[in-house]
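Peer 1: First, the structure itself, so that you have it in front of you.
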Amino acid sequence: MVVTSRIEPVHFLLRTCELRPRGFRKLVTMADYEENESKFMRKAKENPFVPVGMAGFFAIVGYRLWKMKSRGDTKMSVHLIHMRVAAQGFVVGAMTIGVIYTMYRDFIAKPRQEQNQARSK
């Protein structure tokens, strides 16, 4: 019995796209882009404060980068730390408000609506 270290190609796995050799990439179609866009919109509708947090983060970073030229004698590292803290604070605030909104929607507004529907029957 002879044992070789050569690995034989496995063609059936390549057809099922579970294993792709290096250099082969999946073709991206417009349907993939539309699927990702609709996924983002669906997630934004489920958690409306996620896009708010993202927009606030980018707005704060953009504003602080624009104001960097007129920072005076403040060190660059201190200016960047203040920018990071402000942006992170906005994102954490948006996440907190989002969690509170979701808890209100799931535990207060939804049971009230269910009670009203039960009464009307």
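The values are calculated or read from the model by the stated rules, or taken from the named source; none is laboratory data. Everything numeric in this text was worked out from a predicted model, so none of it was measured. All Cβ positions, even for glycine, are placed from backbone atoms using ideal geometry, and neighbour counts span all protein chains on display. Accessible surface areas use protein heavy atoms only, side chains included; no ligands, DNA or RNA. Shrake-Rupley method; radii C 1.70, N 1.55, O 1.52, S 1.80 Å.
Peer 1: Out of everything in segment 86-97 that is open to solvent by less than 80 Å² (accessible area, probe 1.4 Å) and not hydroxyl-bearing (Ser, Thr, Tyr), what residue ends up being nearest to Phe58 (Cα to Cα)?
Peer 2: My answer is Ala87.
Peer 1: Then there is this: Hey, can you tell me all the residues within segment 63-84 that are among the hydrophobic types (A, V, I, L, M, F, W, C) and surrounded by fewer than 11 Cβ atoms within 10 Å (Cβ to Cβ)?
Peer 2: Trp66, Met76, Val78
Peer 1: For segment 71-105, enumerate the residues that are at pLDDT 90 or above, farther than 19 Å from Lys43 by Cβ and small (Gly, Ala, Ser).
Peer 2: Result: Ser77, Ala86, Ala87, Gly89, Gly93.
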